[in-house]
1. Any chance you could count how many residues in the range 19-49 are over 27 Å from residue 101 (Cβ atoms), touching a residue at least 60 places away in the same chain (Cβ under 8 Å) and open to solvent by less than 30 Å² (accessible area, probe 1.4 Å)?
2. Can you work out which of the residues in the range 36-65 that are out of contact with any strand residue (DSSP E or B) (no Cβ under 7 Å at 6 or more places or on another chain) and of a type in the set (Lys, Arg) is nearest to residue 94 (Cα to Cα)?
3. Does residue 68 satisfy the condition of being under 25 Å from residue 15 (Cβ atoms) and β-branched (Val, Ile, Thr)?
4. Give the residues of the range 49-79 that are of a type in the set (A, V, I, L, M) and not in a loop (DSSP other than H, G, I, E, B), sorted by residue number.
5. Please specify each residue of the range 83-121 satisfying the condition of being touching a helix residue (DSSP H, G or I) at 6+ places or on another chain (Cβ under 7 Å) and either closer than 30 Å to residue 26 by Cβ or acidic (Asp, Glu) (or both).
6. How many residues does the range 99-121 contain that are touching a residue at least 24 places away in the same chain (Cβ under 8 Å) and either surrounded by 18 or more Cβ atoms within 10 Å (Cβ to Cβ) or outside any strand (DSSP E or B) (or both)?
7. Taking the condition of being assigned to a strand (DSSP E or B) and out of contact with any helix residue (DSSP H, G or I) (no Cβ under 9 Å at 6 or more places or on another chain), how many residues in the range 31-47 meet it?
8. Just to be sure before I move on: is residue 9 within 14 Å of the chain's Cα centre (by Cα) and not aliphatic (A, V, I, L, M) in the structure I sent?
Amino acid sequence: QVQLVESGGGLVHPGGSLKLSCAASGTIASVNTMGWYRQAPGKQRELVTTIEGDGRAHYSDSVKGRFTVSRENTKNTVYLQMTNLTPEDTAVYYCNADVRLLGTWHYTATWGQGTQVTVST
């Protein structure tokens, strides 16, 4: 089994910064793509960013230039540094990872439980 645990959410003022972390644990053989999604109230979950094992990253247009994704492969951990936050960034942020378990040969998309980010005065 594998578990993704997110941390780092909270309340921040507009223009502020937050850093989210997500660590994968369990009987993991390897982790492929990792990423972050978010879901605002009344809206569908949307892609924020993904990062491959070699560090190649993709960002949605709404966060490009403000958010930075990174990962530590030895710790199966992905980070999301968010800067210049606006109220439109308020959402529950979910970590996602394609994980291959020991003894298996396929990758399974796995989700974290989500962490709330609120940008408000």
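The values are calculated or read from the model by the stated rules, or taken from the named source; none is laboratory data. The model shown is predicted, which means the values in this text are computed figures rather than measured ones. Here the Cβ positions follow ideal geometry from the backbone for every residue, glycine too, while neighbour counts run over all protein chains shown. Accessible surface is based on the protein model in full, side chains and every heavy atom, while ligands, DNA and RNA are left aside. Shrake-Rupley method; radii C 1.70, N 1.55, O 1.52, S 1.80 Å.
1. Going through the range 19-49, the residues over 27 Å from residue 101 (Cβ atoms) turn out to be 19, 40-44, 46.
Then drop every residue that is not touching a residue at least 60 places away in the same chain (Cβ under 8 Å), which leaves 19.
Subset that is open to solvent by less than 30 Å² (accessible area, probe 1.4 Å): none.
Residues that pass the stated criteria total 0.
2. In the first step, residues of the range 36-65 are kept if they are out of contact with any strand residue (DSSP E or B) (no Cβ under 7 Å at 6 or more places or on another chain); the result is 41-44, 54-56, 61-62, 64-65.
Cutting the leftovers down to of a type in the set (Lys, Arg) gives us 43, 56, 64.
Details: 43: 14, 56: 20, 64: 18 Å.
Only one residue fits best here, namely 43.
3. Numbers: under 25 Å from residue 15 (Cβ atoms): yes; β-branched (Val, Ile, Thr): yes.
Considered against the rule, which asks whether it is under 25 Å from residue 15 (Cβ atoms) and β-branched (Val, Ile, Thr), residue 68 comes out as yes.
4. The initial filter retains those residues of the range 49-79 that are of a type in the set (A, V, I, L, M), namely 51, 57, 63, 69, 78.
Correct list: 51, 57, 69, 78.
5. Filtering the range 83-121 for residues touching a helix residue (DSSP H, G or I) at 6+ places or on another chain (Cβ under 7 Å) gives 117, 119-120.
Residue satisfying the conditions is 117 alone.
6. Count: 14.
7. Our first condition is that a residue be assigned to a strand (DSSP E or B); within the range 31-47, this holds for 31-39, 46-47.
Applying the additional criterion that residues be out of contact with any helix residue (DSSP H, G or I) (no Cβ under 9 Å at 6 or more places or on another chain) yields 32-37, 39, 46-47.
Residues in the range 31-47 being assigned to a strand (DSSP E or B) and out of contact with any helix residue (DSSP H, G or I) (no Cβ under 9 Å at 6 or more places or on another chain): 9 in total.
8. Numbers: within 14 Å of the chain's Cα centre (by Cα): yes; not aliphatic (A, V, I, L, M): yes.
Yes.
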